[in-house]
1. Sort out which residues of the stretch 174-225 are without any contact (Cβ under 8 Å) to a residue 24 or more places away in the chain and in a helix (DSSP H, G or I), and write them in order of number.
2. How many residues does the stretch 227-239 hold that are assigned to a loop (DSSP other than H, G, I, E, B) and touching a helix residue (DSSP H, G or I) at 6+ places or on another chain (Cβ under 7 Å)?
3. When both residues are 6+ apart or on different chains and their Cβ atoms are under 7 Å apart, which pairs have a first residue that lies in the stretch 39-60 and is farther than 16 Å from residue 114 by Cα and in contact (Cβ under 8 Å) with a residue 60 or more places away in the chain, and a second that is surrounded by fewer than 21 Cβ atoms within 10 Å (Cβ to Cβ) and among the hydroxyl-bearing types (Ser, Thr, Tyr)?
4. Restricting to the stretch 146-169, give me the number of residues that are more than 25 Å from residue 222 (Cβ to Cβ) and touching a residue at least 12 places away in the same chain (Cβ under 8 Å).
5. Go through the stretch 1-108 and tell me which helices (runs of 4 or more DSSP H), entirely inside it, have 2 or more residues that are at pLDDT 95 or above.
6. Could you tell me how many of the residues in the stretch 236-257 are surrounded by fewer than 23 Cβ atoms within 10 Å (Cβ to Cβ) and more than 21 Å from residue 164 (Cα to Cα)?
7. Every residue in the stretch 242-282 that is more than 28 Å from residue 181 (Cα to Cα) and acidic (Asp, Glu), please.
Amino acid sequence: MRITKSFAETRAASLGTVGLVPTMGFLHEGHLSLITAARQASDTVVMSMFVNPLQFDRDDDLVRYPRDLERDVELATAAGADIVFAPELEEMYPQEQFTRVIVNQLSDELEGPNRPGHFEGVATVVAKLLAGIQPDRSFFGRKDAQQLAIVRRMATDLSMPGEIVGVPIVREADGLALSSRNVFLSAEERAAALALSRGLMRAADLAGGGEREGSALSAAVHNEVGDSLEVEYVTLAGQDLVQPLETLDRPAFLALAAWAGETRLIDNIHFDSDEFVADRGTRLTERSVLYGTGEI
């Protein structure tokens, strides 16, 4: 394992085909699954760890985001990463950033209205990582479904070399989608948050039984959640343009965002094939590394 601080050092240390796993650190098994996927397809696996200020619409959220580089390097090493690129702010943004990357239309729905400027920040930092590291493949989790669509469209529109690879969601044993923010949930909030994945799985069951109306799939989630959480949206959207769909008639995902206390959670299920069998993700069989030792 090698820790690098600059783009030039990272490129020099990368041999053969390069797989990039972009993260903001505080790793969990979802991130580690990206390393596994990259390891299977790459000679050199680079995991970047950078808490990107451009993608936070709230200063308190940026300050609150958990950080532990020593822990993350240990986990990344055990999972099979060769290089951890952990740049300082000055490497990523050496001067005032006049250039931003905006992916119109795909940023307008779902998370867009609720997190102004977020996807502009995501697209900008990912563009810098792709340009600076020059990977053959880059691996992103399907949990951030809209982000994945935006990155893919950006790479295509800007003729960026390399492949963008989506990897299934990893869930905790009880179904909660893994997120670094899960550590902020109280026991009561966590119990309430389980309604999100239950609702999505109910929607997946309905789709498997032939239901194609987006309103019915969304209603399955709302009915499961009830008043236990503050739901921002539950929307069926196309995988390519993130356009809201009335009918499940093409590759799509059913996405949601909700607040459990002061913690905002997102989740989704993807529908890929003509049969629209849902990608429900994978589930852990043991306690997540997020929580260290002791009880959740």
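The values are calculated or read from the model by the stated rules, or taken from the named source; none is laboratory data. Remember, predicted model here, so these are calculated numbers, not experimental data. Virtual Cβ from ideal backbone geometry, glycine too; neighbours counted across all protein chains shown.
1. The answer is 188, 191, 194, 202, 205, 206, 216, 219, 220, 222.
2. If we filter the stretch 227-239 for residues that are assigned to a loop (DSSP other than H, G, I, E, B), which is where we start, we get 227-229, 239.
From the residues that got through so far, the ones that are touching a helix residue (DSSP H, G or I) at 6+ places or on another chain (Cβ under 7 Å) too are 228-229, 239.
Summing the residues that are assigned to a loop (DSSP other than H, G, I, E, B) and touching a helix residue (DSSP H, G or I) at 6+ places or on another chain (Cβ under 7 Å) in the stretch 227-239 gives 3.
3. Note: pairs meeting the criteria are 42/17.
4. The qualifying residues number 16.
5. 7-13, 29-41, 69-79, 89-92
6. Result for the stretch 236-257: 7.
7. Start the filter on the stretch 242-282 by keeping residues that are more than 28 Å from residue 181 (Cα to Cα), which leaves 245-251, 273-277.
If the condition is that a residue be more than 28 Å from residue 181 (Cα to Cα) and acidic (Asp, Glu), then 246, 249, 274, 275 are the ones that fit.
Let's see how each residue does on (1) outside any loop (DSSP other than H, G, I, E, B); (2) at positive phi; (3) among the small types (Gly, Ala, Ser):
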{"residue": "242", "(1), (2), (3)": "no, yes, no"}
{"residue": "256", "(1), (2), (3)": "yes, no, no"}
{"residue": "266", "(1), (2), (3)": "yes, no, no"}
{"residue": "270", "(1), (2), (3)": "yes, no, no"}
{"residue": "275", "(1), (2), (3)": "no, no, no"}
{"residue": "286", "(1), (2), (3)": "no, no, no"}
